[in-house]
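See structure below.
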Amino acid sequence: MKRNGSERLFLRAQKFIPGGVNSPVRAFKAVGGTPVFIQIADGSWLMDVDGNTFIDYVASWGPLIFGHAHPQIIEAVQIQAERGTSYGAPIEAEIGLAEKVVYAVPSIEKVRMVNSGTEAVMSAIRLARGATGREKIVKFEGCYHGHGDSLLVKAGSGLASLGIPDCPGIVADLAAKTLTLPYNDAEKVRQLFDREGKEVACLIVEPVAGNMGVVPPKPGFLQTLREVTRSAGALLIFDEVITGFRVALGGAQELYGIDPDLTCLGKIIGGGLPVGAYGGKSHLMDQVSPSGSVYQAGTLSGNPLAMAAGNTTLDMLSQPGLYDLLDRKTEILCEGLRNNVQELGIPAQFNRVGSMFSMFFTDREVIDFESVKTSDTELFKRYFNALLEEGVYIAPSPFEAGFVSVVHTDQDIERTIEASKRALKKAKE
Ligand SMILES: *Cc1c(COP(=O)(O)O)cnc(C)c1O
């Protein structure tokens, strides 16, 4: 596989951009080698600057549920661009997107648009602290909630891939307010809330963890979170930045029937443009400025281009049968991958919820960050690089989710299964 173009660009990028990338997860540090610089993408396909093509399961880390450059989304953005890209004044499309979110996501009564998932979570945490008058927050090991100061404690995603336990630059007094627990351990949650539940402003969780690879909640885990927070007077925040519009139109809260106080959204809601959102019960959201005193603002929030992409995406997502289709496609893919590892005698675990999935190279059941870390990272490294050579692009880390989109064809999936088998054979040697 030719890589000269990417290598040249990466050298140039490193001179002017820290590590050569604008987000650490793109840097291929966990798998070695040079990140692939993209030239163009269409549907389920990416092409790099060297002319190599890949079937894409990264989907820009989750947003692209309709694949790259979907004609309807592109058209909506183009029409808006000609009318202006930003006004700093309200437009009707903001109401349209808010209405769609409120109708789709069961617990959300009011919603505020921001520009990223990070911003959504930071704002929701501030609101939780403001509304409860408490300071402590509870999160789970291996969950990632963006790079806000309070949340970079035992976080997943890039920190897990790069092995960064705690991030320098976070004020110790603030980090001390963040309590962490193992994912899926309901008993530990109960103990913590028995001890200090009355000091807790909120508990934040990825209702299906997606940033240490996919780790579904055990039956009853999310219910426990709802019960203990409610009885302690703490807020339950679902970080549905990945799962929102991904596992169901109404997100994981619809799938598992849980009613959180606040919900954070991102990724799919922007249809491939930068959008985040946080929403929840009216009595809480009305405490956000200007109706309340918890301040939060944004020059480009509710940006017209992003609203156009978001509105179009959510409209398209309401087609009946769409989530069943995604579920079926992803099951076929995972079944093929499972057969491959069985045939080759490679110990591996598969976790999947709807169209988000992970394969972990371990013989242990993967239920939390401890078990995630038992996976064979060296084998993954070889597998990743062999798979890239075969024309399949997955996240360059053993601790990330894969995403199937509506536009992945049966042929894409078949080719992926075959490519994966060849890559596994090579990686095993
Ligand atoms: C991606 C992600 C974020 C951060 O969103 P950005 O848009 O990258 O700031 C927060 N929470 C979860 C669960 C995510 O997956």
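The values are calculated or read from the model by the stated rules, or taken from the named source; none is laboratory data. The structure displayed is predicted, hence computed values, not measured ones. Positions of Cβ are generated from backbone atoms using ideal geometry, with glycine treated the same way; all protein chains shown enter the neighbour counts.
Can you tell me which residue in region 233-247 is nearest to V205 (Cα to Cα), limited to those that are touching a strand residue (DSSP E or B) at 6+ places or on another chain (Cβ under 6 Å) and either outside the structural domain of A98 (by TED's automatic domain parsing) or more than 16 Å from the ligand (Cβ to nearest atom) (or both)?
L235
Name the single residue that is nearest to the ligand (Cβ to nearest atom) among those in region 93-111 being more than 15 Å from E240 (Cβ to Cβ) and touching a helix residue (DSSP H, G or I) at 6+ places or on another chain (Cβ under 9 Å). Walk me through how you get there before you give the answer.
Filtering region 93-111 down to residues more than 15 Å from E240 (Cβ to Cβ) leaves 93-99, 103, 109-110.
Checking the rest, the ones that are also touching a helix residue (DSSP H, G or I) at 6+ places or on another chain (Cβ under 9 Å) come to 93-94, 96-97, 109-110.
Details: A93: 20, E94: 19, G96: 21, L97: 16, E109: 21, K110: 20 Å.
Ranking the qualifying residues of region 93-111, first place goes to L97.
For region 262-283, how many residues meet the condition of being surrounded by fewer than 24 Cβ atoms within 10 Å (Cβ to Cβ) and either closer than 23 Å to P217 by Cβ or basic (K, R) (or both)? Spell out the reasoning first.
We begin by selecting, within region 262-283, every residue surrounded by fewer than 24 Cβ atoms within 10 Å (Cβ to Cβ); these are 273-274, 281-283.
Keeping just the survivors that are either closer than 23 Å to P217 by Cβ or basic (K, R) (or both) gives 281.
Residues in region 262-283 being surrounded by fewer than 24 Cβ atoms within 10 Å (Cβ to Cβ) and either closer than 23 Å to P217 by Cβ or basic (K, R) (or both): 1 in total.
Any idea which of (1) among the small types (G, A, S); (2) within 14 Å of the ligand (Cβ to nearest atom); (3) surrounded by fewer than 22 Cβ atoms within 10 Å (Cβ to Cβ); (4) under 16 Å from the mean Cα position of the chain (by Cα) is the one G250 doesn't satisfy?
Condition not satisfied by G250: (2).
Every residue in region 113-137 that is away from the ligand (no atom under 11 Å from the Cβ) and surrounded by fewer than 24 Cβ atoms within 10 Å (Cβ to Cβ), please. Steps first, please.
The initial filter retains those residues of region 113-137 that are away from the ligand (no atom under 11 Å from the Cβ), namely 113, 123, 125-137.
Matches in region 113-137: R126, R129, G130, A131, T132, G133, R134, E135, K136.
Here is a list of conditions, (1) outside any loop (DSSP other than H, G, I, E, B); (2) closer than 19 Å to G213 by Cα; (3) more than 16 Å from the ligand (Cβ to nearest atom), and K29 meets all of them except one; can you say which number that is?
Looking at each condition in turn, K29 falls short on (1).
Taking into account only those residues within region 182-227 that are of a type in the set (G, A, S) and surrounded by 14 or more Cβ atoms within 10 Å (Cβ to Cβ), which is nearest to A30 (Cα to Cα)? Explain how you work it out, then say what you get.
Restricting attention to region 182-227, the residues satisfying the condition of being of a type in the set (G, A, S) are 186, 197, 201, 209-210, 213, 220.
If we keep only those that are surrounded by 14 or more Cβ atoms within 10 Å (Cβ to Cβ) too, we end up with 186, 197, 201, 209-210, 213.
On the way: A186: 31, G197: 38, A201: 35, A209: 20, G210: 17, G213: 14 Å.
The residue in question is G213.
Any idea which of (1) touching a residue at least 12 places away in the same chain (Cβ under 8 Å); (2) away from the ligand (no atom under 16 Å from the Cβ) is the one F369 doesn't satisfy?
So F369 meets the others, but not (2).
Which ones in region 329-364 are within 21 Å of Y256 (Cβ to Cβ) and part of a helix (DSSP H, G or I)?
T330, E331, C334
Within the set of pairs 6+ apart or on separate chains, which have a first residue in region 20-42 that is at positive phi, a second that is surrounded by 17 or more Cβ atoms within 10 Å (Cβ to Cβ) and part of a loop (DSSP other than H, G, I, E, B), and C-beta atoms under 6 Å apart?
If the second residue must be surrounded by 17 or more Cβ atoms within 10 Å (Cβ to Cβ) and part of a loop (DSSP other than H, G, I, E, B), the pairs left are F28/P35; F28/P396.
When you go through (1) without any contact (Cβ under 8 Å) to a residue 40 or more places away in the chain; (2) over 16 Å from E370 (Cβ atoms) one by one for K188, which number turns out not to apply?
Looking at each condition in turn, K188 falls short on (2).
If S375 satisfies every condition in (1) assigned by TED's automatic domain parsing to the domain that holds G272; (2) not in a helix (DSSP H, G or I) but one, which is the exception?
Unmet for S375, out of (1) assigned by TED's automatic domain parsing to the domain that holds G272; (2) not in a helix (DSSP H, G or I): (1).
Hey, does region 217-224 have a residue that's within 14 Å of the ligand (Cβ to nearest atom), of a type in the set (K, R) and under 20 Å from the mean Cα position of the chain (by Cα)? Don't jump to the end; show me each part of the working.
Within region 217-224, the subset within 14 Å of the ligand (Cβ to nearest atom) is 217.
Right, trim to of a type in the set (K, R) and you get none.
No: region 217-224 contains no residue that is within 14 Å of the ligand (Cβ to nearest atom), of a type in the set (K, R) and under 20 Å from the mean Cα position of the chain (by Cα).
Does region 83-105 contain at least one residue that is buried (at least 19 other Cβ atoms within 10 Å of the Cβ), not assigned by TED's automatic domain parsing to the domain that holds G250 and not in a helix (DSSP H, G or I)?
No; the residues of region 83-105 include none that is buried (at least 19 other Cβ atoms within 10 Å of the Cβ), not assigned by TED's automatic domain parsing to the domain that holds G250 and not in a helix (DSSP H, G or I).
Please verify whether region 145-163 includes one or more residues that are more than 16 Å from the ligand (Cβ to nearest atom), assigned to a helix (DSSP H, G or I) and either buried (at least 21 other Cβ atoms within 10 Å of the Cβ) or of a type in the set (V, I, T) (or both).
Residues of region 145-163 more than 16 Å from the ligand (Cβ to nearest atom): 163.
Then keep just the ones that are assigned to a helix (DSSP H, G or I); that gives none.
Scanning region 145-163, I find no residue that is more than 16 Å from the ligand (Cβ to nearest atom), assigned to a helix (DSSP H, G or I) and either buried (at least 21 other Cβ atoms within 10 Å of the Cβ) or of a type in the set (V, I, T) (or both), so the answer is no.
Quick one: is D363 under 27 Å from P182 (Cα atoms) and over 24 Å from the mean Cα position of the chain (by Cα)? Spell out how you get there, then give the answer.
Details: under 27 Å from P182 (Cα atoms): yes; over 24 Å from the mean Cα position of the chain (by Cα): yes.
Yes.
Go through region 53-106 and count every residue that is without any contact (Cβ under 8 Å) to a residue 12 or more places away in the chain and basic (K, R).
Adding up the residues that qualify gives 0.
For region 1-25, enumerate the residues that are at pLDDT below 95 and either in contact with a Pro (Cβ under 8 Å, 6 or more places away or on another chain) or within 23 Å of A401 (Cβ to Cβ) (or both).
P24, V25
Under 8 Å between Cβ atoms, at least 6 apart or on separate chains: pull out the pairs that start in region 191-220 with a residue that is assigned by TED's automatic domain parsing to the domain that holds F403 and touching a residue at least 60 places away in the same chain (Cβ under 8 Å) and end on any residue that is within 16 Å of the ligand (Cβ to nearest atom) and in a loop (DSSP other than H, G, I, E, B).
From region 191-220, no pairs qualify.
Specify which of the listed residues (G271, G310, G279) is at positive phi, in the same structural domain as G130 (by TED's automatic domain parsing) and more than 13 Å from the ligand (Cβ to nearest atom). Full working, then the answer.
Values: G310 fails: at positive phi; G279 fails: at positive phi.
The conditions single out G271.
Q39 - would you say it is in a helix (DSSP H, G or I), more than 16 Å from the ligand (Cβ to nearest atom) and farther than 19 Å from N211 by Cα?
Values: in a helix (DSSP H, G or I): no; more than 16 Å from the ligand (Cβ to nearest atom): yes; farther than 19 Å from N211 by Cα: yes.
Judged against the criteria, Q39 is not a match.
Does any residue in region 223-250 that is in contact (Cβ under 8 Å) with a residue 40 or more places away in the chain come within less than 6 Å, Cβ to Cβ, of a residue that is within 12 Å of the ligand (Cβ to nearest atom) and acidic (D, E) six or more places away or on a different chain, and which pairs are these?
Final answer for the pair search is D239/E206.
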